[in-house]
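The values are calculated or read from the model by the stated rules, or taken from the named source; none is laboratory data. Computed from a prediction, not measured in an experiment: that's the story for all the values here. Glycine gets a Cβ as well: all are built from the backbone with ideal geometry, and neighbour counts include every protein chain shown. The accessibility values were calculated without ligands, DNA or RNA, using every heavy atom of the protein model including side chains. Shrake-Rupley method; radii C 1.70, N 1.55, O 1.52, S 1.80 Å.
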Amino acid sequence: MLTADKDDDEGMLLMIEQLKYNETLRHLNVANNRLDEKIGKAFVECLKVNHTLTNLEFSFNQFEVHTVRKIQEYLKRNKAKFDAE
């Protein structure tokens, strides 16, 4: 569990914030960690500016459908950019 069983998500939020500045990481797996909507929204905000992450495995978490769709939209954008390069 990356959030001490949902009791402490600060480390996760800090990691996601730093992903905004990532220029090398392409794949990240955070599946099955009981991450809540707050974390999902943080990923959305991160992916607005991150153009290198192309694969984010986040299944078996508790993100709302609209959040999942937004994350997928940004990942598709990043993958298209990567493929074009």
- Task: Answer yes if at least one residue in region 34-56 is in contact with a Ser or Thr (Cβ under 7 Å, 6 or more places away or on another chain), touching a residue at least 40 places away in the same chain (Cβ under 8 Å) and closer than 19 Å to K81 by Cα, and no otherwise.
- Result: no
Residue hits (region 46-83; more than 23 Å from L14 (Cα to Cα) and open to solvent by less than 70 Å² (accessible area, probe 1.4 Å)) are A80
Flagged pairs (Cβ under 8 angstrom, 6 or more apart or on separate chains; first in region 5-25, over 16 Å from L53 (Cα atoms) and of a type in the set (D, E, K, R); second part of a helix (DSSP H, G or I) and open to solvent by 90 Å² or more (accessible area, probe 1.4 Å)) are D9/K38
